[in-house]
Amino acid sequence: MEKQRYERPVIKMLESNMPNKFGLRTEYKPKTHIDNVAVKDLINEYSSPLFVISEKTIRSTYKNAKKSFTTRYPKVQFAWSYKTNYLSAICNIFHQEGSWAEVVSGFEYDKAIKNGVDGKKIIFNGPDKNEKDLTKAIKNDSLIHIDHLDELYTIIELSEKLNKKPKVAIRVNMDTGIYPMWDRFGFNYENGQAWDALNKIMRSKKLELVGLHTHIGTFMLSPQAYGTAAFKLADLAIGIQKKYDHEIKYIDMGGGFASKNTLKGSYLPGVDTSPSFDDFAETITSALINSDFKPDKLPLLILETGRALIDDAGYLLGTVISNKRLSDGKRTTIIDVGVNILFTSFWYDHKVTPAQSFTQYTEDTVLYGPLCMNIDVIRENASLPLLNKGDHVVIHHVGAYNMTQWMQFITLRPKVVMIDMDGKTHIIRENENINSITDFEKVPEYLKKFEL
Amino acid sequence: MIKIKSNIAISDTGFIFNPSNGESFSANPIGIEFFNLIKQGKPQDKIFENMLEKYNTDKNTLEKDYSDFVQTLNQFQLLDQDAEKKA
Ligand SMILES: Cc1ncc(COP(=O)(O)O)c(C=O)c1O
């Protein structure tokens, strides 16, 4: 007779049916496969933990976002936000779909060039662009989004030196009714800084003002804030048209759309509360269409959407190391996924699903990572099915910011594999090994020997 | 010898009621089996034998889960403390 699947014995005190701080249980089905590839096979072949990217989900999410905007507005261009995930395979999927590149450092700029992006289709954002970076960007006709006056003056100087007219935009910050206001980047709309910078650019005659840019925040749950932002940028563009008879070619609304993750402290899961691409598209495009632009003179609309385009396509697979109890009897489960590779667990209550079948029984559990550090908590409270040592779990919506902000800390960073459109898997980043770390170290000769 | 208080019973669905303080509990199927085997006064070794025949698991896991389960019973005041002292 075949033996039955074993499950931990549990006994729970029954309390009133009020939802408690562990939240409502949402994980009713195991996640055994990703794009028809078994999680178990992925871990057997590539080991645990493991990041898995679905190419199918990236392409369908992108197409969905693009459709939301192109069905409402004549000229739309996405630029892939490199910092969100700059693994080259992922950038190139977006470039194949037609995305330009949006970068915020010399390193990211070089990566976009190396990936084969035409310099004219690179948007260069950020407060830290040195002369070397700017020289490159000017020579390549890249779109330089100026963050502060020091940068503006440097670009004017370089334009004289290089005898070239750099293509520039300014980043504008503004009150959109959202708290906190991201006013540390760019020039403020309300207090006249933005106009001051625009006047300096126009009067210098050394720079070509091609666009206006804003990025009002990240994980924005309010489409209306984008409507306000689009209205204010349109107002600046129309003002420039009037004052200098100069046409702005594009309005860049930045990124910031919320993904389907659940922010810590929210009562309802993000899947149910995050606005859709249609919601954001509707407010942005109506604001532009209803502004004073002539219908045949609408500027190109650029979007630098990051997390909302990639979060859903990323999974992190892990394995249960142990089940324990805290001194007060509280259940804890240790998995091999730590905050060093799942940086976003500081912001989100990530959805965690077992990768094998389970019964309807659950336990309120604290989910710990493997690091010998108190901060290593993946979920402070999760109502989870009963997991055994060696069981696998799938952590959802991890495609954004983890594979760029991860840390080599205590453990080495794992492999990233991608499942292509035909269900074939490819390693798109190798796991680190000890040499990945020690190769960069230098030990002075006299420290090479010791006796214990 | 671990003993569950004599006035405490478990239903087939795993519902447990403690008449002395009105608290109720629920157990999963494996929890029910452990509960019943302990209630019947089966020694630990026999309990493991029983479980190993039926389930795909090993002795180490059972030992660990058994002691965790007994600790929880104790925490919920479902064990007969006197019986333990006498033993
Ligand atoms: C200038 C700029 N554009 C785009 C993004 C992407 O933002 P998100 O991932 O929130 O869409 C960011 C992220 O902070 C940014 O700073």
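Only the coordinates and a few stated rules stand behind these numbers; no lab work does. Here the structure is a predicted model, which is why all the values come from computation and not from measurement. Neighbour counts run over all protein chains shown; Cβ positions are idealised from the backbone, glycine included.
Collect residues whose amide H, placed 1.01 Å from N in the peptide plane, falls under 5 Å from the amide H of A:Asn173; neighbours closer than 5 in sequence don't count.
Here A:Phe187, A:Asn188, A:Tyr189 satisfy the definition.
What dipole magnitude, in Debye to the nearest 20, does the protein assembly as shown give about its Cα centre under +1 on Lys/Arg Cβ and -1 on Asp/Glu Cβ? All intermediate terms of the calculation are to be shown ahead of the outcome.
On the way: 68 positive and 69 negative charges, 133 e Å.
That gives the protein assembly as shown a dipole magnitude of about 640 debye.
At 37 °C and 0.692 mPa s, what whole-number value in µm²/s does Stokes-Einstein give for the translational diffusion of chain A, with Rh from the Kirkwood sum over Cα pairs?
Once the numbers are plugged in, D ends up at 136 µm²/s.
Stretch A:Lys164-A:Asn130 to full length: gain in nm at 0.36 nm per residue minus the Cα-Cα span?
10.5 nm
Work out the length of the dipole vector of region A:55-311 about its Cα centre, built from +1 on the beta-carbon of each Lys and Arg and -1 on the beta-carbon of each Asp and Glu, and round it to the nearest 20 debye.
660 debye
Which of the chymotrypsin sites (Phe, Trp or Tyr not before Pro) across region A:351-440 are loop residues per DSSP, with 15 or fewer other Cβ within 10 Å? Intermediate values should be presented prior to the final figure.
Values: sites: A:Phe358, A:Tyr361, A:Tyr368, A:Tyr401, A:Trp406, A:Phe409, A:Phe440; in loops: A:Phe358, A:Tyr361, A:Tyr401, A:Trp406, A:Phe440.
Those satisfying the criteria are A:Phe440.
Residue by residue, what Karplus-based ³J(HN,Hα) values in Hz, rounded to whole numbers, does region A:382-392 have, using 6.51, -1.76 and 1.60 with θ = phi - 60° and x for Gly and Pro?
Result, ordered by residue: 9, 8, 10, x, 6, 9, 9, 3, x, 5, 9 Hz.
Report the one residue of A:Asn163, A:Thr438, A:Asn130 whose Cα lies farthest in the direction of the positive end of the charge dipole of chain A (charges on C-beta: Lys and Arg +1, Asp and Glu -1; origin at the Cα centre).
With unit charges placed on the Cβ atoms, the residue in question is A:Asn163.
With only alpha-carbon atoms in the gyration tensor, what are the semi-axes of the equivalent ellipsoid for region B:9-86, in Å, largest first?
22, 15, 11
Peptide B:28-34: average number of partner chain Cβ atoms within 10 Å per residue?
For this peptide, the per-residue mean of nearby foreign Cβ atoms is 6.
What is the angle, in °, between the Cα long axis of helix B:29-39 and the longest principal axis of the Cα atoms in chain B? Nearest 10 is fine, range 0 to 90.
That helix lies at roughly 70 degrees to the long axis.
Going by C-beta contacts inside 10 Å, put A:Thr228, B:Thr72 in order with the fewest on the left.
Least crowded to most crowded, the residues run A:Thr228, B:Thr72.
So if each residue of separation counts as 0.36 nm, and I subtract the Cα-Cα distance between A:Phe346 and A:Thr70, what length gain in nm does that give?
Details: separation 276, 0.36 × 276 = 99.36 nm, distance 3.48 nm.
Contour length minus Cα-Cα distance gives 95.9 nm.
Across the residues of A:144-150, average count of Cβ atoms on other protein chains within 10 Å?
The shielding value for this peptide is 0.
For region A:55-311, build the convex hull from the C-alpha positions and give me its volume per residue in Å³. Don't jump to the answer; show the numbers that get you there.
Working: hull volume 31.2 nm³, N = 257.
Per-residue hull volume (Cα only) is 121 Å³.
On average, how many beta carbons from a partner chain sit within 10 Å of the beta carbon of a residue in B:65-72?
4
So, with +1 on the Cβ of K and R and -1 on the Cβ of D and E, and no other charges, what is the size of the charge dipole of region B:9-86 about its Cα centre, to the nearest 20 debye?
120 debye
Rounded to the nearest 0.05, what FRET efficiency is calculated for A:Asn290 and A:Asn199 with R0 set to 22 Å and r the Cβ-Cβ distance?
About 0.25, to the nearest 0.05.
Pairs of Cα atoms under 8 Å, at least six residues apart: use those to get the relative contact order of region A:60-108, whole percent.
Values: 37 pairs, mean separation 18.9, N = 49.
Here the relative contact order equals 38 percent.
Determine, for A:Tyr446, A:Tyr153, A:Tyr109, the number of other Cβ atoms within 10 Å of each Cβ, and report the residues in order from fewest to most.
Going from sparsest to densest Cβ surroundings: A:Tyr446, A:Tyr153, A:Tyr109.
Which one of A:Thr273, A:His392, A:Gln77 is farthest out on the positive end of the charge dipole of chain A, using unit charges on Cβ (Lys, Arg +1; Asp, Glu -1) and the Cα centre as origin?
Most positive-ward Cα: A:Gln77.
Determine the percent antiparallel among the DSSP beta bridges restricted to the protein assembly as shown, to the nearest 5.
50 percent
If we count other beta carbons within 10 Å of each Cβ, what is the order of A:Glu160, A:Glu55, fewest first?
A:Glu160, A:Glu55
Given contacts defined as C-alpha pairs under 8 Å and at least six residues apart, what's the relative contact order of chain A, whole-number percent?
Values: 890 pairs, mean separation 87.2, N = 452.
Here the relative contact order equals 19 percent.
Based on the alpha-carbon gyration tensor of region A:180-305 and its eigenvalue square roots a ≥ b ≥ c, which shape applies: rounded if a/c is under 1.5, prolate if not and a/b is larger than b/c, or oblate? Don't skip to the end; give the middle numbers.
Details: a/c = 2.85, a/b = 1.85, b/c = 1.54.
Prolate, since a/c reaches 1.5 and a/b exceeds b/c.
Do you know the relative contact order of region A:55-311, to the nearest whole percent, from alpha carbon pairs under 8 angstrom that are 6+ apart?
Values: 472 pairs, mean separation 51.1, N = 257.
Relative contact order for region A:55-311 comes out at 20 percent.
Go through region A:175-281 and name the trypsin sites (Lys or Arg not before Pro) that are in a DSSP coil and have 14 or fewer other Cβ atoms within 10 Å of their Cβ. If you can, show how the numbers build up before the last one.
Values: sites: A:Arg184, A:Lys200, A:Arg203, A:Lys205, A:Lys206, A:Lys232, A:Lys242, A:Lys243, A:Lys249, A:Lys260, A:Lys264; in loops: A:Arg184, A:Lys205, A:Lys206, A:Lys249, A:Lys260, A:Lys264.
Of the trypsin sites (Lys or Arg not before Pro), the ones in loops of region A:175-281 whose Cβ has at most 14 other Cβ atoms within 10 Å are A:Arg184, A:Lys205, A:Lys264.
If you line up the long axis of helix B:44-54 against the longest principal axis of chain B, both from Cα atoms, how many degrees apart are they, to the nearest 10?
60 degrees
Based on DSSP H runs of at least 4 residues, each adding -39500 (n - 2.57), what is the mean residue ellipticity at 222 nm of chain A after dividing by all its residues, to the nearest 500 deg cm²/dmol?
It lands at -8500 deg cm²/dmol.
Say the dipole of the protein assembly as shown comes from +1 at the beta carbon of Lys and Arg and -1 at that of Asp and Glu; which of A:Ser383, A:Leu212, A:Thr319 then lies farthest toward its positive end?
Result: A:Leu212, furthest along the dipole toward the positive end.
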